[in-house]
1. I need the full set of residues from region 293-331 which are farther than 16 Å from Leu371 by Cα and among the aliphatic types (A, V, I, L, M), in order please.
2. So which of Arg522, Arg567 is modelled with pLDDT under 50, assigned to a loop (DSSP other than H, G, I, E, B) and surrounded by fewer than 20 Cβ atoms within 10 Å (Cβ to Cβ)?
3. Among Arg664, Arg690, Arg684, which is more than 16 Å from ligand 2 (Cβ to nearest atom), at pLDDT 90 or above and within 17 Å of Asp715 (Cβ to Cβ)?
4. Please specify each residue of region 270-308 satisfying the condition of being open to solvent by less than 40 Å² (accessible area, probe 1.4 Å), part of a helix (DSSP H, G or I) and within 13 Å of Asp231 (Cα to Cα).
5. With Arg731, Arg778 as the choices, which residue is open to solvent by less than 40 Å² (accessible area, probe 1.4 Å) and among the basic types (Lys, Arg)?
6. If you check Arg426, Arg401, which single one turns out to be surrounded by fewer than 18 Cβ atoms within 10 Å (Cβ to Cβ) and in the same structural domain as Ala239 (by TED's automatic domain parsing)?
7. Which of the residues belonging to region 453-477 are surrounded by fewer than 20 Cβ atoms within 10 Å (Cβ to Cβ) and either assigned to a loop (DSSP other than H, G, I, E, B) or within 16 Å of ligand 1 (Cβ to nearest atom) (or both)?
8. Please find, among Glu436, Glu446, Glu419, the residue that is within 30 Å of Glu235 (Cα to Cα), of a type in the set (D, E, K, R) and touching a Pro at 6+ places or on another chain (Cβ under 9 Å).
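The values are calculated or read from the model by the stated rules, or taken from the named source; none is laboratory data. Note that the structure is a prediction, hence the values are computed from the model and not measured. Neighbour counts run over all protein chains shown; Cβ positions are idealised from the backbone, glycine included. To get the accessible areas, we keep the full protein, side chains included, count just its heavy atoms, and leave off ligands, DNA and RNA. Shrake-Rupley method; radii C 1.70, N 1.55, O 1.52, S 1.80 Å.
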Amino acid sequence: MPLLADVAVPVPLSQAFTYEVPAALAGEVRPGARVLCEFHRRKLLGVVLAVSERSAAIDPSKIKPLAALVDARPALPAELLSFLQELAGYYFAPIGEVLRLALPAIEREQVRALKAQGELDGMLDLGRAKQVGGRKVAYATATDVVEEPGTLRGQAAAVLALLRANGEQPVARLEERYGNARSALKKLAERGLVALDEREPPRDPFFRLPEERDVPPELNPAQAEAAARIDAALEALSAPERAALSAPGKAAPSAPGDAEARGAAPREARPAGPSAFLLFGVTGSGKTEVYLRAIKSCLDRGRGALVMVPEIALTPQLVARFRARFGDELAVLHSGLSDADRHAMWASLHGGKVRVAIGARSALFAPVPDLGLILVDEEHDGSFKQEEGVRYHARDMALLRAHRAGAVCVLGSATPSIESVALVRRGKLAELRLPERAHREASLPEVTLVDLRRFGAGPSGDPLISLPLHRALERTLAAKEQAILFLNRRGFAPSVVCGSCGNLTTCSACSVALTYHRGRRRDARPQAPAGAPAPGAPGPAAPIDERPQGGLLRCHYCDYAGPLPERCASCGSRTLLLEGLGTERLEATIAASFPEARVARLDRDVAGKDRSQAILARMREGKIDILVGTQMVTKGHDLPNVTLVGVVNADAALGLPDFRAAERGFQLLVQVAGRAGRRDRPGRVLIQTRNPEHPAIAFAAAHDVPGFLEREIRDREEVGYPPATRLALIRIDAVDEGVGRGAAAKLAAHARTCPDGLARRVEVLGPSAAPIARLRGRYRFRVLLRARERGPLRGTLAALTGLMRDGIDRNARVIIDVDPVAML
Ligand code: ADP
Ligand code: ZN
Ligand code: ZN
C-alpha cells in the first residue's frame, strides 16, 4: 500500500488533498510539516495533516507525489495542528485559511531559498511584507492637503482614503492590499497629498519599558483561594497519567464536527475536578496577581502558558507586570512587531526556549510548548471575536484548545460575558470570585445618574455637558485631580444635515451617515459654539460656515474620506449643519469651557500604537487634567489620580438593533466607572442619560454585576437568544441587490426544507436585509439560524455548504458566522 499524506493547501476549500509520499521522504514527512506540492499545475506550499499507509480512496493514477519537504521539524506542533483542524470544523472554515492563522512567522530563509529556485508560489509564505533597503522601511502619510473633489480615481483614491482613515502606513503593507500602490503613492506625493518617509522601523515598544523588580505581594484570602484551586487543577492535569491521556498527536483529529467548543464536557478518563474557571473579580481586585501565580504554578510543573488580552497595544503596564515577574520567559506577540522579531518570538516558543506568550486574539495560535494554561483576561471583550476571514471567537477557542491540550483555562473579568456565566450555571466552568478591591482603602466609586431630561445644558452651552458634570469637573480641577470623559463617538459631528431639506449626508458606498472630522489643528481652543441650543435638543447644530475650514467627511465603515460638499446633494442648499457630538467636538467644548485645564483626547484618530501609549503616559505623569475619549479610555489602565469619570451619553450604545446591546452597554459603563478612584482616593462617576431606568444603566450605577447578569440571562431565555439558544448567521452580500436577495432567499428556503428545518429543530429567520443594508458598495442580506441544540444547527449548516459550493450565484458572497457577535 502506498504511503499517503493529507495536505491542506491555502485555497478556500475545506478539504485536504491526498499526495503520495516519495520513498526518499518516507519517515520524514510528519503532520505539521510544510511541503511543496503540485496543485493545478502550480507548486503550492501546504501543511501535512496526516500520513498513513492505506489504499487511496481515489484513482491511484491521479495521486501525485509530494514535490519537496520544507520542514525537517514540523512547523506546527501536533497539539496545535489538531486544534486548528477542530477549529476549522467548528466554524465551517477552510482548513487552508485556518492554518494560515497559525503560521505568521514562517521560516522565511528556507522559503526564500525555494523561491530562488523558482519553486514556490505559495500563499503560506506570509513573509510577504517586503523590507525596503537594508533595515529601513518606507512609510506613507496623508498630508493636510485636500484634493479637488472628484479628481482622484481608482487605487490612488483608495490608498489616500486608507491613509486618512488609519494614519501612517508602511508602504509594504499598502502593496499587500493594492497592486498599484507604488505608482498610486508616487502620483499622490507629486500632488502633495501624501508624504513619503524612509526610516528604521520602531523598536518593540514593550521592551523599551524598564523592567522593574517585582516582589510578589502576599495574596489576600480570596486571591489565595483562587490561586489554590487553579494550582490544584494544574496538579491534576499534570499528573503522570496525563501523558497517556492527551499525548499530542494521538488525539486522532476526530470528526471535526464533534468539536465541543463551548465548555466541553470533560472526557471520561480525565481527573475529577474542574479545569476551566471563570475568575470574576471587580476592577482592581487583583485578578492579574492571580494570573501571575497561576503561570508560576504552571511553569513550576514544566509546562507553558498562554495569556490573551483584548488590545495589547493599550496595555503596556499589564505587559510590564508580566515581564517583571517572568523576564525573558515571556514572548510578547503584537501587531507592531517587525517580521524578524515576530519570527524570533515564534521560533523561541516553538523551540521551547520561551514558555509564556502574551498577546491579543491571534496569540491563540502561539506554539506554546507543552501548553498547560490559557488565561483570557477581560474575557467579555468583543475584540476576541475575529470579524473577517475565519470568524473565530478566541475565548471559546481558548476553552477548546485548553481542553484538548489537557490544559487549565481561566477566563477573567469584572463583567463576565453572559455566555461564560451560563457555562458556570451549567457546571462547565467553576467560578472563582474576588469580591473586593485588593487595596483595602480603595473603595468602589460613588455613581450618580444625571437625568438629561431634567438637567439642560450647563455653562458650556452644550446640552451634553450638564451642570452637574460641569461642576464636578470644576471641583476635580480645583483639587488638582484628573478626570476622564467617555463618549462613544469619534470625530467632530456624527452627522451632516441639510438645513433646508433635512437630507442626511451618507456614504456613497454604505448606508450610513458620514461623520465630520475636523482633524488635527494647532489651535486647540476654538470659541464655544455661539448661541446655546435649547435644553433637550438632540444635539448642538451649527452651520458649517461658522466652523473652521478644512476637515473631512469620513465613513466609519469603509475607507471613504473626502472633503465637505459645498451644497446639499438633494436640494442644492448651502446651509449644511453639523449635528451631534463626537470626541473632537467634546474636546474643543471642554477646552473652551475650562481654559486653564490641559485637555487631551484618546481615540483611534489620534492614536497610533505609539501615540496612545504616549498620551496615557502623559496622563499618568499628571500632564493632562481632562482626558476625553472613546472605549480606548475604558481599557484597564491604572491611572491613580483619576477621581472623576463622566459618561457623556450612556444611551448611545443601548439602542442598537443587537440582542447584546444591553450587555455591551452595561460592560462599558462598569469598565469606565472602574477607572475612577484607585488606591487611596475615592472616585466619582457621573453617568448622563435620558433613560436612567434602563437595567444596563441602573445596575451599573448600583455596581450590581450579579444582578444584571441574572436579569439579562432571564431576558435572553425569554426572547430565545444565546446562551439560551445557539445561532449561526449566514451573511450574504453582492454588488447587485437582486443577486444578493436571490441568494439569501435560496439559502433560507434550502435551510427550511432540510430535515432539521422541517422538523423545526432549527428555526430559520429571514432572509432579511442587514441592519446596515449596504457596506463598501455591497448589498447585505442575512439568514439567521437558531436552535436549542448544536447538532441540528450543524446539520443544517452542512447542508447549506453544499448549496454554497454549487447552487448559488457566483456574484454573491456567502459567509457562515457561527456564534455571531456583530449583528449589524
Ligand atoms: P485587576 O487585574 O483585578 O484589575 P490588579 O491585579 O491590577 O487587579 O490589582 C490592583 C492593584 O492591587 C494593583 O496595583 C496590584 O499591584 C495590587 N494588588 C493585587 N493583589 C495584591 C495583594 N495581594 N496585596 C497588595 N496589593 C495587591
Ligand atoms: Zn437639502
Ligand atoms: Zn462607507
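1. Within region 293-331, Val309, Ile312, Ala313, Leu314, Leu318, Val319, Ala320, Ala324 meet the criteria.
2. Values: Arg567 fails: modelled with pLDDT under 50.
Result: Arg522 is the single residue among Arg522, Arg567 that is modelled with pLDDT under 50, assigned to a loop (DSSP other than H, G, I, E, B) and surrounded by fewer than 20 Cβ atoms within 10 Å (Cβ to Cβ).
3. Answer to the selection: Arg664.
4. Across region 270-308, the qualifying residues are Val290, Tyr291, Leu292, Ala294, Ile295, Ser297, Cys298, Leu299.
5. Selected residue: Arg731, the only one of Arg731, Arg778 that is open to solvent by less than 40 Å² (accessible area, probe 1.4 Å) and among the basic types (Lys, Arg).
6. Arg426
7. If the condition is that a residue be surrounded by fewer than 20 Cβ atoms within 10 Å (Cβ to Cβ) and either assigned to a loop (DSSP other than H, G, I, E, B) or within 16 Å of ligand 1 (Cβ to nearest atom) (or both), then Arg453, Arg454, Phe455, Gly456, Pro459, Gly461 are the ones that fit.
8. Glu419
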